[in-house]
Amino acid sequence: MVEIEGKGRGLVASQPLKGGQIVMQDTPIYAYFVSPLKLRQPIEDTNGSCYTRCCAHCFRSLEAGAGAALTCPSCSHPKDAAFCSSKCQSLAFSSSHTPWVCRTLSYLRNCSLHVNHQTPEDRQIEARCLVAVFNLAMVSPYAFQTFLSLDGCGARDGQRYIDSAIFLHSIFTSISFDDRFSLPSVETIADILAKNWRNSFCLMDPFSEDKGRSVRAHAVYLNASFFNHSCLPNACHFHYLDTTPHNGSTDLIIRVMHDIPQGEEICISYLRVNISYPERQRILMNDYTFACSCKRCQIEANWSREEGNEIDHNGCDDDPGFLPAYLKRFMCKRESCRGFLAPLPPSDDGNPSKFMECNFCRELTKRPKALYEASLLTKV
Ligand SMILES: [Zn+2]
Ligand SMILES: [Zn+2]
Ligand SMILES: [Zn+2]
Ligand SMILES: [Zn+2]
């Protein structure tokens, strides 16, 4: 990790890297379901809610796993938290689903005075986020302090979290904490929400052709939060939620998309590939408070409006510029997906994989010739 002029901290390759090489595997410091606290229908009628169909500790689908799910004996409703195994259940009781979490979630869900069906879903999900963060502060004060040192939003953007923070502060005032922690101020809660928004990754349901993917949970990783953004990234992140044993299911794996020379910064994209230039600039400024000036943005800034701002994959063949060729190579061909492609990791003896994997729909495709890739990359 180094200081990069104009960008703050960033991660730079300390040695030459081969396409597909894993540069980081990171475990989240906390994660929480992206589903409202209050269900619109009685819980028995909803098979769709993620906290009844996924393990509350490892977030793997319970349908995919064998055996009956275990529940939390102390939760107000037996289905409030389910676990895939006794291992997850016992790990959760000392980390992600402590008695405090159990009590607090039950309280928030049952106290209709504070949270009811009129409470916007975003607020209800932010309440889940705060439960996870406050619990972290009690079970792992060091990780909590490190989280507080991450980038949030600039002061001028922090305002958008203040309204949420005022509401959430009011509902958490009636909750007791243990003596290691006390309820933070409205300003600190707003700061926590901003840091969470800026640094969290989505744990997604599997891809389906008609529905795409929906977000199952949000997770925050301390080390992975140091990757800077580029709209032409050289690395991308993967999750293998349902196909990994429970002790590493929420791990984030960052692999490089092609060979990278020593000294080059490793960047991921915070956004999907097919977002237009003005839209990317708007999101990056609003959510991450910076104006992107990557090579792709420099090129697309000069495009006239008449030419259109969308990267049209189908039109790539006609354009001699490197940008469409680059995107064609590293963007998933599936119309409904448009994830980024990275090779599978090289074999143990260093042989490159012949397959590229999409980080969104997970489809494997044949990797094109390496020589062509090298000539393309000289232009980036
Ligand atoms: Zn589990
Ligand atoms: Zn419980
Ligand atoms: Zn850019
Ligand atoms: Zn894909």
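Those residues that are in a loop (DSSP other than H, G, I, E, B) and either at pLDDT 90 or above or of a type in the set (S, T, Y) (or both), I need them from segment 56-75; list them, please.
A56, H57, C58, F59, R60, S74
Would you mind finding the one in T188, T173 that is of a type outside the set (A, V, I, L, M, F, W, C), in contact with a Leu (Cβ under 7 Å, 6 or more places away or on another chain) and surrounded by fewer than 17 Cβ atoms within 10 Å (Cβ to Cβ)?
Checking each option against the conditions leaves just T173.
Going by the conditions given, is R255 part of a strand (DSSP E or B), in contact with a strand residue (DSSP E or B) (Cβ under 8 Å, 6 or more places away or on another chain) and more than 16 Å from ligand 1 (Cβ to nearest atom)?
So R255 passes the test.
If D179 satisfies every condition in (1) at pLDDT below 90; (2) farther than 28 Å from C236 by Cα; (3) in contact with a helix residue (DSSP H, G or I) (Cβ under 8 Å, 6 or more places away or on another chain) but one, which is the exception?
(3)
Limited to segment 191-247, what total is found for residues that are within 16 Å of ligand 4 (Cβ to nearest atom), assigned to a loop (DSSP other than H, G, I, E, B), of a type in the set (F, W, Y) and within 25 Å of L11 (Cβ to Cβ)?
Matching residues across segment 191-247 total 1.
Answer yes or no: is there a residue in segment 197-211 that is closer than 22 Å to L108 by Cβ, at pLDDT below 95 and among the polar types (S, T, N, Q).
Scanning segment 197-211, I find at least one residue that is closer than 22 Å to L108 by Cβ, at pLDDT below 95 and among the polar types (S, T, N, Q), so the answer is yes.
Give me the pairs: first residue in segment 325-347 and more than 17 Å from Y270 (Cβ to Cβ), second residue surrounded by fewer than 21 Cβ atoms within 10 Å (Cβ to Cβ) and among the polar types (S, T, N, Q), beta-carbon distance under 6 Å, and six or more apart or on different chains, which are they?
P343/S353; L344/S353
Hey, among the residues in segment 276-303 that are modelled with pLDDT of 90 or more and charged (D, E, K, R), which one's nearest to ligand 3 (Cβ to nearest atom)?
Only one residue fits best here, namely R280.
The values are calculated or read from the model by the stated rules, or taken from the named source; none is laboratory data. Quick caveat: nothing in here was measured; it's all calculated off a predicted structure. Glycine also receives a Cβ, built like all others from the backbone with ideal geometry; neighbour counts cover every protein chain displayed.
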